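No value in this document is a laboratory result; all are computed from the given coordinates. Quantities reported herein were computed from a predicted structural model and do not represent experimental measurements. Here Cβ is always computed from backbone atoms with ideal geometry, including for glycine, and neighbour counts include all displayed protein chains.
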Amino acid sequence: MKIVAADVFVTSPSRNFVTLRITTEDGVTGIGDATLNGRELAVAAYLKEHVAQLLIGKDPHRIEDTWQFLYRSSYWRRGPVTMAAIAAVDMALWDIKGKLAGMPVYQLLGGASRNGLRAYGHASGSDIESLFDSVREHLELGYKSIRIQTAVPGIKAVYGVAAQAQASGERYDYEPAGRGAFPVEEDWDTRAYLRHLPTVFEAVRNEFGPELPLLHDGHHRMTPIQAAKLGKALEPYDLFWLEDCTPAENQEGLRLVRQHTTTPLAIGEIFNTVWDYQTLIKEQLIDYVRAASTHFGGISPLKKVMDFAAQYQIKSGFHGPTDISPVGFAAQLHVGLAIHNYGIQEYMQHSDKTNEVFEQSMTFVDGYLHPGDKPGIGVEFNEEAAAAYPYQQAYLPYNRLVDGTVHDW
Ligand SMILES: O=C(O)[C@@H](O)[C@@H](O)[C@H](O)[C@H](O)CO
């Protein structure tokens, strides 16, 4: 069997998505997600100009061989653009394999290790009352674990806090990428944040009790010693995890954080390869792997990093914001269902427009996700609906400190 076509689609139903569709000579199709928030067209060009023609004539069954060929033959390894492109090919080939086998992808990865996947949602508020309302809303939706993000007094805009109530069908807990020709500038003050956050967690614990698993995302903005201080200060509130407490590229920095706190740590949404996790896993500097299938080279390497992490009792906590398309999201649900060391899945929920373009078969019932039992990944791409939503330029925001210095966002 041979691949006869590889088509790339860029569509913007509420937000931008890059999708690859591979077609075999028998007319079987597979789809993959190549969305890289704010840099979508770079991945689309990488796929269209450099990868599509290499796939024509290849045997779609040879997933590992095609992955290694794309990774090694380019010579220039790693990086988010390359790895998102390879991820889309990998997912599309798993999708095809599942369709040909008549099985959902999780069956091909070893079968289900659990009945459903525990998910967490994003509660946020500009003050304590609106935060409590948001937590209640998420509990009503069935979430059994909740991420807490709040405004910080004195700071105008903070990562993770929904700016306004969304219109019906546009349920975004938080959508950071703003449409426009230049990134929005936000401000930041770490000392104000460090003073404020423990008081927020104290209030949430007092209101919602000790049982509810609570998470928080530091979004790369602290130095190791600041992160250590925060982890320690949050210990009385028993967090499920503190995420991205420091910029991820400084792996050694986590040693310092670890020396000072028992708050569990999650990191890695900006990682692209298994090698980015080498030190963190071998030295047990983290508790949860935050990779996303879309930015990590697809289903194949995600399964590999989790098997490596399993030897160190490190669990999954795959990145699941709305900038991972329903295809990439479903792809990692299959991995999560199959692996033994599943931890939790971030789940923000896509908009109605997105769901019109990507018809999903996954379910979210009583706080648990399931990828569904359709052969392959279980998502259908509606090309006609996609064409009605052309690409729109969008950028993630960036931060400046009070003196004008650019800071991690
Ligand atoms: O934990 C998360 O979900 C975030 O860190 C993301 O929302 C991140 O900001 C976006 O994926 C950026 O595109």
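How large is ³J(HN,Hα), in whole Hz, for each residue of segment 329-336 in order, when computed from phi with the Karplus curve 6.51 cos²θ - 1.76 cosθ + 1.60 and θ = phi - 60°, using x for Gly and Pro?
5, 4, 4, 7, 5, 4, 5, x
Please report the antiparallel percentage of DSSP beta bridges with both residues in the chain, rounded to the nearest 5.
On the way: 25 of 48 bridges.
Antiparallel bridges make up about 50 percent of those DSSP assigns within the chain.
Using Cα centres only, tell me the gap between segment 86-119 and segment 1-76 in whole Å.
17 Å
Report relative contact order for the chain in percent, whole number only (criteria: Cα-Cα under 8 Å, sequence separation at least 6).
23 percent
Put a dot 7 Å past each Cα toward the Cβ at Phe69 and Lys282; how far apart are the dots in nm?
Distance between the two pseudo-spin positions: 3.2 nm.
Could you state, as a whole-number percent, how many of the C-alpha pairs of segment 276-409 are farther apart than 19 Å?
58 percent
Determine ³J(HN,Hα), in whole Hz, for all residues of segment 200-207 in sequence, where each value follows from phi through the Karplus function 6.51 cos²θ - 1.76 cosθ + 1.60 and θ = phi - 60°; x replaces Gly and Pro.
3J(HN,Hα) across segment 200-207, in whole Hz: 5, 5, 4, 5, 5, 4, 4, 7.
Which net charge results when you count Lys and Arg as +1 and Asp and Glu as -1 among the other residues whose beta-carbon is under 15 Å from that of Ala45?
On the way: positive: Arg39, Lys48; negative: Asp7, Glu40, Glu49.
Once positives and negatives cancel, what remains is -1.
Would you list Thr246, Thr405 from fewest to most Cβ contacts within 10 Å?
The most exposed by this proxy come first: Thr405, Thr246.
Per q in 0.09 Å⁻¹, report the Debye log10 I(q)/I(0) for segment 104-216, using one uniform scatterer on each alpha carbon and no solvent.
Evaluating at q = 0.09 Å⁻¹ gives log10 I(q)/I(0) of -0.32.
Once you put a point 7 Å from the Cα of His50 and another 7 Å from the Cα of Glu249, both along the Cβ direction, what distance in nm separates them?
It works out to 1.9 nm between the two label points.
Mind checking the dipole of segment 3-103: about its Cα centre, +1 per Lys or Arg Cβ, -1 per Asp or Glu Cβ, Debye to the nearest 20?
Its charge dipole is roughly 300 debye.
Can you give the local net charge around Arg221? Use residues other than it whose beta-carbon is closer than 9 angstrom to its beta-carbon, Lys and Arg +1, Asp and Glu -1.
-2
Can you sort Lys156, Lys144, Lys97 by how many other beta carbons sit within 10 Å, fewest first?
Lys156, Lys144, Lys97
Using the Karplus curve 6.51 cos²θ - 1.76 cosθ + 1.60 with θ = phi - 60°, work out ³J(HN,Hα) for each residue of segment 351-357 in order, rounded to whole Hz, and write x for Gly and Pro.
Residue by residue, segment 351-357 yields 7, 4, 4, 4, 5, 6, 7 Hz.
Points 7 angstrom from Cα along the Cβ direction at Ser113 and Asn206: gap in nanometres?
In this crude spin-label approximation the distance works out to 4.0 nm.
Express the relative contact order of segment 229-343 as a whole percentage, based on alpha carbon pairs under 8 Å and six or more residues apart in sequence. Please list the in-between numbers first.
Working: 176 pairs, mean separation 25.2, N = 115.
Reported as a whole number, the value is 22 percent.
From the P(r) of the chain, can you give the percent of Cα pairs sitting at distances over 29 Å?
So the portion of pairs separated by more than 29 Å is 42 percent.
Taking R0 as 22 Å, what FRET efficiency do you get between His407 and Leu256 from their Cβ-Cβ distance, rounded to the nearest 0.05? Intermediate values should be presented prior to the final figure.
Values: r = 20 Å, r/R0 = 0.89.
The computed FRET efficiency comes out at 0.65.
Once the other residues with Cβ under 11 Å from the Cβ of Glu243 are scored (Lys, Arg +1; Asp, Glu -1), what is the net sum? Don't skip to the answer; put the middle values down first.
Details: positive: Arg147, Arg290; negative: Asp217, Asp244, Glu269, Asp287, Glu346.
Charge balance in the 11 Å sphere: -3.
Using amide H atoms built 1.01 Å from N in the peptide plane, name the residues 5+ places from Val289, or on other chains, whose amide H lies under 5 Å from its own.
Lys315, Ser316, Gly317
Between Glu235 and Leu141, take the C-beta separation as r, use R0 = 51 Å, and let me know the FRET efficiency to the nearest 0.05.
It comes out at approximately 0.95.
Under a 5 Å amide H to amide H cut-off, with H placed in plane at 1.01 Å, what residues pair with Ser145 once short-range neighbours are removed?
Distant-sequence amide H within range of Ser145: Gly121.
Sorted from fewest to most neighbouring beta carbons within 10 Å, what does the list Ile299, Ile324, Ile3 look like?
Ile3, Ile324, Ile299
5 Å is the cut-off here: which amide hydrogens, built 1.01 Å from N in the peptide plane, fall below it relative to Arg400, excluding neighbours closer than 5 in sequence?
The list, which skips near neighbours in sequence, is Glu186, Asp187, Trp188, His407.
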